[in-house]
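The structure appears right after this line, and notes come after that.
The values are calculated or read from the model by the stated rules, or taken from the named source; none is laboratory data. Just so it is clear, the structure is predicted and the values come from calculations on it, not from any experiment. Note that we place each Cβ from the backbone using ideal geometry, even for glycine, and neighbour counts take in every protein chain shown.
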């Protein structure tokens, strides 16, 4: 017997799990070899610490999301889950912000620092990174909805039956 | 004790916490405000100009002036904006705590404070992390993308940027504490008196 509130919360958590897993996989498999004026080089996600941070953060949230699915409905752990949700939302937001910052320099370059954009040479890599960032973005938005919903359902029993 | 609680609830005052807790929250907010304001100011005034002599034609040296400004990097612009908004939010919350005890909107005061605190934490964490990783690229360069490091040429710029990022991170931790305290206040809210 699954209550509708628990069903919605479970559904949101599954969406987050899927999105973060997709982000990890897409970013980790982004790999391209190219030539740049007779120099051959390789572009991987591990070249940039920001992308490594993105993969690690999303991997942590994936594992956590998977484990949380197994917590029974009436356990005392849900308060801790709420607190961890807040911290992990912050982690996800900072990881996607960092990855976006570096990806933006990769796409547009930075003329004041003399950094050339690299997306022209490794288009497939750039597209995959963009895809991973989109998945990360979806994960964050769903997670925020989940967090607000968790606080709302936590509050409702306490507020009594008014309104 | 029971009479005191009823009195506080009757006033419609949502701060029926012991006074020490209220002052702790206020102090932490003030420190967080100072941290985010410092970060905003230090990064916003971050500018370094270097004049290099690139060639000498006859007897007149040709000079090249290079500037490093925070506006060149979108990540730093976002950093300044995020920390500026966080400082404004903290200031607003301090004012509301001190002077606006009766302000309420359909009993949603604590919920609104908690939600605003959470959004500010999200904003500041995004700004701080974007600036950190951009600063890392500036400091170490990126050999794979052929991006040269710039910190060896613009040391003061990098140092000030580092200070701003550290101040923002300290502000972020404090804001996380504040957010947790606001949510705890919200979840421990005394039940409304139903007729």
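Before moving on, here are some points about what is shown:
- Here region A:72-112 is the region considered, the condition is being touching a helix residue (DSSP H, G or I) at 6+ places or on another chain (Cβ under 7 Å) and assigned to a loop (DSSP other than H, G, I, E, B), and the residue that is farthest from residue A:3 (Cα to Cα) is A:112.
- One residue stands out in region B:121-176 among those that are touching a helix residue (DSSP H, G or I) at 6+ places or on another chain (Cβ under 8 Å) and outside any helix (DSSP H, G or I): the one that is surrounded by the fewest Cβ atoms within 10 Å (Cβ to Cβ), namely B:149.
- Residues of region B:39-63 classified as in contact with a strand residue (DSSP E or B) (Cβ under 6 Å, 6 or more places away or on another chain) and assigned to a loop (DSSP other than H, G, I, E, B), total: 0
- Region B:118-137: number of residues that are touching a residue at least 60 places away in the same chain (Cβ under 8 Å) and within 30 Å of residue B:65 (Cβ to Cβ): 2
- Among the residues making up region A:136-157, a single one is under 14 Å from the mean Cα position of the chain (by Cα) and either without any contact (Cβ under 8 Å) to a residue 40 or more places away in the chain or not in a helix (DSSP H, G or I) (or both): A:141.
- Put simply, of A:19, A:28, A:50 the only residue that is touching a residue at least 24 places away in the same chain (Cβ under 8 Å), surrounded by fewer than 21 Cβ atoms within 10 Å (Cβ to Cβ) and under 14 Å from the mean Cα position of the chain (by Cα) is A:28.
- Taking region A:56-92 as the range and being within 10 Å of chain B (Cβ to nearest Cβ), surrounded by fewer than 23 Cβ atoms within 10 Å (Cβ to Cβ) and closer than 30 Å to residue B:79 by Cα as the test, the residues that pass are A:82, A:83, A:86, A:87, A:89, A:90, A:91.
- Residue under evaluation residue B:145, criteria (1) within 11 Å of chain A (Cβ to nearest Cβ); (2) closer than 15 Å to residue B:73 by Cβ; (3) free of Cβ contacts under 8 Å to residues at least 40 places away in the same chain, criterion not met: (2)
- Residue among A:44, A:124 that is within 20 Å of residue A:31 (Cβ to Cβ), more than 12 Å from every other protein chain (Cβ to nearest Cβ) and modelled with pLDDT under 90: A:124
- Within the set B:183, B:115, the sole residue that is in contact (Cβ under 8 Å) with a residue 40 or more places away in the chain and either more than 10 Å from chain A (Cβ to nearest Cβ) or in a helix (DSSP H, G or I) (or both) turns out to be B:183.
- Residues of region A:95-121 satisfying the condition of being farther than 16 Å from residue A:45 by Cα and either exposed (fewer than 14 other Cβ atoms within 10 Å of the Cβ) or in contact (Cβ under 8 Å) with a residue 40 or more places away in the chain (or both): A:108, A:111, A:114, A:120
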